[in-house]
Structure formats: C-alpha cells, structure tokens
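Structure, as structure tokens:
The values are calculated or read from the model by the stated rules, or taken from the named source; none is laboratory data. All figures in this text were calculated on a predicted structure; none of them were measured in a lab. Surface areas here come from the heavy atoms of the whole protein model, side chains and all, with no ligands, DNA or RNA. Shrake-Rupley method; radii C 1.70, N 1.55, O 1.52, S 1.80 Å.
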Amino acid sequence: MIEFQWLKNILKGNLVDPQPAASRSPPSANQPPVSARALPGETLAKQLALVIDLNVCVGCHACVTSCKQWNTSGSAGPLADEDPYGANPTGTFFNRVQTYEAGNFPGTDTIHFPKSCLHCEDPPCVPVCPTGASYKRKEDGIVLVDYDKCIGCKYCAWACPYGARELDEERQVMTKCTLCVDRIYDEQLPKEDRKPACVKACPTGARLFGDVKDPESEVSKAIRERGGYALMPEWETQPANQYLPRRITPSQSN
C-alpha cells in the first residue's frame, strides 16, 4: 500500500500552521498546505460539498463500491469487512444507498437515496468529541476525523442526526466520508480526476461536486435552478451536501 504522509497530516488537522507564511516553501504535489481547524460557528468562504440528483440516481451502487475501493486502499483505510461472503456480512462504508418504495399500489415509486456525511456547516459531531479527533477544516469546510486521536467512544455517531458515522470494528475508530481529500488535492492526478471517487464512478451523472459558496459553481447553479434542498433542516446543522428533487412523471395509460 502506498502511504501518503500528507494525507495523514490532513487528517490530523493541525490547529495552527507551525511556520510563518513568509518562511514556508510552496507545497509539492504530494504535500498540500497545512490544514487549520474552523472555529465553532465560524462562517467559511469556501465549502466543498456533493449535490445528489435523485431524479437520475438508479441505485446501481457504483458510488458505494468505488468509494470503498478507493478509501480502503489509501491512508484513510483499510475499511473493515466482516464475513463478506457469509450469511451476515458487515463492514465499514463511507457511502451507502438506501432504496425504498413510496406511494400506494399500483402507483408506487422506487426511490434510491444515497447518503454519506453531509459536511455540515455547524456539525454536531465536532463539539461532542472528547479528544478533538473530529473537526471541520477551515480552508474548504470538509469534516474529518484524526484517527490517532479517536478513541471509538461513538459520541459523534450519537450526535449525528443523519447516521453518517460508522465505527470501524477492526481499528475501533470512527470513520466517515472525507470527500476523497486525497484525490481532490493530488496534483499528480489529471485535473479532471481530482474529484471524489463516487462522482467519477456515477454512470448517470447523479453526483456533482464543488464549492456551494461559489454562486457560479456547477453545484450552486444546480441547487438554484433545480430547487436543491438540505436534508432535515429542522436540526439546524446546515448540511453542505444537498439533494435535487425527483421529477414525478404522470403515468400514461394505454
């Protein structure tokens, strides 16, 4: 396994940059700037996020498998797989797709609902962490976990109203979506590949990625033009990830 020390540095999320700006050398391709933690309630100028188009998601799970493959192979992994071919398989996933039926027969509708960490602007998982392992990055709003500080107490999982945190049974640390922070800043990858693995893998283009604070970004335009919405706004966590609603097509009788 290739080890990315710069990714480990990102996951640690230093509170301050140890070097003055004037004395720092430019970061190399595998060594982006030192991460700083956002203060509670701080308004950030940039917020990276996913926008999920429920109208075109077909529930193929390509996002799930590509996420699992990418993250279990890098410094964010390995992600546990318990009895994967047995009667009761379980494991750690950063992204899951929930499928359910809505409506009444014969007018039922199958809905595929991808769900991962929403990278909330006011994440409730951060202040409950007793060790400071859970934090929000100041430069791009990504919520991460420092595995070296995590003690697996599950406080963050209890605090998250979306069920986005999972305990890795093998490592006994809490895990979650990182928005593939090791991909999006890796200058050794072609520019078009610097996106989360799930976005690259989606065959229908149901997953968009970008800065929701930039009004001219692809994600902001999609939210604005398609009536994008946040999940469970009553919790006042201000999720960064948003969903584009399904367009209901009336059934045609012969």
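One table, with the values for the structure above:
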{"read-out": "Part-to-part distance (alpha-carbon centres) for the range 225-242 and the range 50-126, which is given in Å", "value": "18"}
{"read-out": "For the range 136-254, fraction of C-alpha pairs farther apart than 21 Å, in %", "value": "53"}
{"read-out": "The range 78-189 - convex hull of alpha carbons, volume per residue in Å³", "value": "175"}
{"read-out": "Overall Cα dimensions of the range 41-120 - principal axes, largest extent first, Å", "value": "48, 44, 22"}
{"read-out": "Computed accessible area, ARG165, all protein chains, 1.4 angstrom probe, square angstrom", "value": "20"}
{"read-out": "Cross-link table LYS138/LYS213; LYS115/LYS195; LYS68/LYS154, entries beyond 19 Å C-alpha to C-alpha", "value": "LYS68/LYS154"}
{"read-out": "Relative contact order of the range 97-192, defined on C-alpha pairs under 8 angstrom at six or more residues apart (%)", "value": "21"}
{"read-out": "Rg/Rg_globular for the range 181-242, with Rg_globular taken as 2.2 N^0.38 Å and Rg from C-alpha atoms", "value": "1.26"}
